[in-house]
1. Which condition number in (1) modelled with pLDDT of 95 or more; (2) charged (D, E, K, R); (3) outside the structural domain of TYR49 (by TED's automatic domain parsing) is the one that LYS302 fails?
2. I need a count of the residues in region 222-279 that are open to solvent by less than 20 Å² (accessible area, probe 1.4 Å) and more than 20 Å from the chain's Cα centre (by Cα).
3. When SER218 is evaluated against the numbered criteria (1) at pLDDT below 95; (2) open to solvent by 30 Å² or more (accessible area, probe 1.4 Å); (3) of a type outside the set (A, V, I, L, M, F, W, C), which criterion, by number, is the only one it fails?
4. Just to be sure before I move on: is ASN206 under 18 Å from the mean Cα position of the chain (by Cα) and farther than 12 Å from ILE264 by Cβ in the structure I sent?
5. For region 128-143, give me each residue that is crowded, with 16+ Cβ neighbours inside 10 Å and out of contact with any strand residue (DSSP E or B) (no Cβ under 6 Å at 6 or more places or on another chain).
6. For region 54-154, which fully contained helices (runs of 4 or more DSSP H) count at least 2 residues that are closer than 28 Å to ASP296 by Cβ?
7. Looking at region 120-173 only, could you name the residues that are of a type in the set (Lys, Arg) and without any contact (Cβ under 8 Å) to a residue 24 or more places away in the chain?
8. Scan region 177-193 and tell me whether some residue there is closer than 17 Å to PHE267 by Cα, part of a strand (DSSP E or B) and in contact with a strand residue (DSSP E or B) (Cβ under 6 Å, 6 or more places away or on another chain).
Amino acid sequence: MTIDSVRGAPDTPVHAEPELVQLLTPEGERVEHPDYPLDLTTEEIRGLYRDLVIVRRIDREAVALTRQGELGLWASLLGQEAAQIGSGRALAEHDMVFPTYREHAVAWCRNVEPVKLLGLFRGVHHGGWDPAEHGFHLYTIVIGSQTLHAAGYAMGIQRDGVLGTDSAGATIAYFGDGATSQGDVNEAFVFASVFNAPVVFFCQNNQWAISEPLEKQSRIPLFKRAQGFGFPGLRVDGNDVLACLAVTRKALENARTGQGPTLIEAFTYRMGAHTTNDDPMRYRLKSDEEAWKLKDPIERVKAYLVRGDLADVAFFEDVEAEAKRIATDLRKACLALPDPTPLSIFENVYAEDHPLMTEEQERFAAYLESFEGSARP
């Protein structure tokens, strides 16, 4: 037997798709899972539906603003709302989030004003919120580096000696399927495992690392990588907000009580482009997108509410109207954001005065003043 006969063809995955943890089918039918019981009130499920609709509307507005030249770039979350809202609503007060640049719905769950997200992509600041206030760190552009930050922060929680107490928190790091090929992510797995750190690694597998499909990233399901590092991993239906909530809630509780890290692979699909600078029609089939529309995370919750007579037409209309109002206000707030002054680039770089930076700032100010008719900012 040759090595190639064992490995299979180079471009062919060697595994069958594993079973997903699912609590709500694409048709809106509620199912039970023995390991992940979830008891929610009608109002709580209606609240999840509201979250999903609002964050999708915010996302649409941001894309429109980009197309109109008001934002430099935007990374759409279209199709990934359930993964983010479900996991985001599982967070507790003392938990800390380490996001990428696409976790707009998690930011919503942590009460970060949407306009502050837009300010980053408009180029008026480097992140306009206080991570400590919201339990939500600044967006990370460098692929995968936030997983190391999350593992280190989690080790700090360990050393604070609060695990198992009411003030215990855990960390959660968000990243995509493409990031699993990065060295930083694998190093974070090593540290989290050997130190039994209270961290949840939440991989949103949207199946496309920009233009590279999943089979170019791994020949086994991504969640199985955790086993090689010595901690549990599982795959959840990333378009099922209830399953994402239940799975993340349990993983975070395990972390807070000293049971170590978990890798969650939320199996979903990126319905839009990687960013507004990307054209997905160049590398993937329209038929795939059409197939995934049938698994839409919002429509399945709506179907569940309708099937169970848990919401009427007025409720759905009110949610749509609220989402429209929020988007209208967001647009106005975005356009009203003031442009930064040139010298503001030197602000908030160091906690204390830095001689070299002070010298550079003075030289730059003198350069600006050298232009005729200019006034020092």
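The values are calculated or read from the model by the stated rules, or taken from the named source; none is laboratory data. Predicted model, so just to flag it, every value in this text is computed and none were measured. For neighbour counting, all protein chains shown are included, and Cβ atoms are generated from backbone atoms with ideal geometry for every residue, glycine included. Only protein heavy atoms, including side chains, enter the accessible area calculation; ligands, DNA and RNA are left aside. Shrake-Rupley method; radii C 1.70, N 1.55, O 1.52, S 1.80 Å.
1. If we test LYS302 against (1) modelled with pLDDT of 95 or more; (2) charged (D, E, K, R); (3) outside the structural domain of TYR49 (by TED's automatic domain parsing), just (3) comes out false.
2. The qualifying residues number 2.
3. With (1) at pLDDT below 95; (2) open to solvent by 30 Å² or more (accessible area, probe 1.4 Å); (3) of a type outside the set (A, V, I, L, M, F, W, C) applied to SER218, the lone miss is (2).
4. Criteria met by ASN206.
5. GLY128, TRP129, HIS134, LEU138, TYR139, THR140, ILE143
6. Helices (runs of 4 or more DSSP H) meeting the threshold: 81-88, 104-109, 114-122.
7. Selection gives ARG159 alone.
8. no
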